[in-house]
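The values are calculated or read from the model by the stated rules, or taken from the named source; none is laboratory data. This is a predicted model, so every value here is computed, not measured. Because the Cβ atoms are built from the backbone with ideal geometry, glycine has one as well, and the counts that use them run over all protein chains shown.
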């Protein structure tokens, strides 16, 4: 199982003071030195953290880059110019603290997906672990789905097994439809292991928990600790 490290919140800290540091590119190098298999970043409409220049510099690194983006014409043009290894289309609300849930997959995504794939870019859709969304992702031609694990991460202990079972069923259904499966959101050092044990998930994308841990132990060490859990 691969580990993708989201470095958005390195840029969040930088943007608070509009300084040069901390540098997301240097952070990405530290994450890779700690065992990350790839880097994830989300270029948001409001540019609250990652900026265009960050993404161009990240693309120059010799690693797998997953660009998270909203389905907009501007972002499509940007992605086609950048040519990341993977684009993950996510829902985006200007005032949300973080992504609040999965996409409502509709046929309008077909034009984005077809152009990205024609340019040699793999496409993933960030969705809730629901049969309806998985079927729709298959219909519009996605290569991957990234299952939103936020409900599992945030649910009470009494409901944890049910939430995990839902993700397990979603993984199997996605594979039945010929989709590759990633997962992420809300995962941390305490709750990740049951997700790791689910067969079929190819990559976990984790950001906030690793960055928060890095404040105490450094980014390279924080990634090493997560890498030991995600095997």
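Yes or no, residue by residue, for (1) within 19 Å of residue 204 (Cα to Cα); (2) at pLDDT below 95; (3) under 17 Å from the mean Cα position of the chain (by Cα); (4) surrounded by 14 or more Cβ atoms within 10 Å (Cβ to Cβ):
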site	(1), (2), (3), (4)
6	yes, no, yes, yes
11	no, no, yes, yes
20	no, yes, no, no
36	yes, no, yes, yes
39	yes, no, yes, yes
63	yes, no, yes, yes
66	yes, no, yes, yes
74	no, no, no, no
83	no, no, yes, yes
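Filtering the stretch 86-99 for residues that are in contact with a helix residue (DSSP H, G or I) (Cβ under 8 Å, 6 or more places away or on another chain), modelled with pLDDT of 95 or more and either within 24 Å of residue 32 (Cα to Cα) or part of a loop (DSSP other than H, G, I, E, B) (or both) leaves a non-empty set. The conditions of being at pLDDT 95 or above, touching a helix residue (DSSP H, G or I) at 6+ places or on another chain (Cβ under 7 Å), under 30 Å from residue 77 (Cβ atoms) and not in a loop (DSSP other than H, G, I, E, B) are not met by residue 173. Tallying residues that are under 22 Å from residue 175 (Cβ atoms) and in a loop (DSSP other than H, G, I, E, B) within the stretch 198-214 yields 3.
Between 102, 141, which is closer than 21 Å to residue 172 by Cβ, touching a strand residue (DSSP E or B) at 6+ places or on another chain (Cβ under 9 Å), at pLDDT 95 or above and part of a loop (DSSP other than H, G, I, E, B)? Every option except 141 fails the conditions. The residues of the stretch 110-133 that are more than 16 Å from the chain's Cα centre (by Cα), surrounded by 12 or more Cβ atoms within 10 Å (Cβ to Cβ) and either modelled with pLDDT of 95 or more or closer than 12 Å to residue 150 by Cβ (or both), listed by number, are 112, 113, 114, 115, 116, 117, 119, 130, 131, 133. Among the residues making up the stretch 144-157, a single one is modelled with pLDDT under 95, over 12 Å from residue 101 (Cβ atoms) and not in a loop (DSSP other than H, G, I, E, B): 157.
In the set (1) part of a loop (DSSP other than H, G, I, E, B); (2) touching a residue at least 12 places away in the same chain (Cβ under 8 Å), residue 190 fails one condition alone, (2). Considering the conditions (1) farther than 13 Å from residue 210 by Cβ; (2) buried (at least 18 other Cβ atoms within 10 Å of the Cβ); (3) touching a strand residue (DSSP E or B) at 6+ places or on another chain (Cβ under 9 Å), residue 2 is excluded by exactly one of them, (2). In this structure, is residue 52 over 17 Å from the mean Cα position of the chain (by Cα), farther than 25 Å from residue 151 by Cβ, in contact (Cβ under 8 Å) with a residue 12 or more places away in the chain and surrounded by 17 or more Cβ atoms within 10 Å (Cβ to Cβ)? Against the criterion (over 17 Å from the mean Cα position of the chain (by Cα), farther than 25 Å from residue 151 by Cβ, in contact (Cβ under 8 Å) with a residue 12 or more places away in the chain and surrounded by 17 or more Cβ atoms within 10 Å (Cβ to Cβ)), residue 52 does not qualify.
Residues of the stretch 56-83 that are within 26 Å of residue 106 (Cβ to Cβ) and either assigned to a helix (DSSP H, G or I) or free of Cβ contacts under 8 Å to residues at least 12 places away in the same chain (or both): 73, 74, 75, 76, 77, 78, 79, 80, 81, 82. For residue 166, the criteria (1) surrounded by 23 or more Cβ atoms within 10 Å (Cβ to Cβ); (2) assigned to a helix (DSSP H, G or I) hold in every case but one, which is (1). Can you pull out every residue in the stretch 169-195 that is surrounded by fewer than 14 Cβ atoms within 10 Å (Cβ to Cβ) and under 23 Å from residue 208 (Cα atoms)? Across the stretch 169-195, the qualifying residues are 190, 193.
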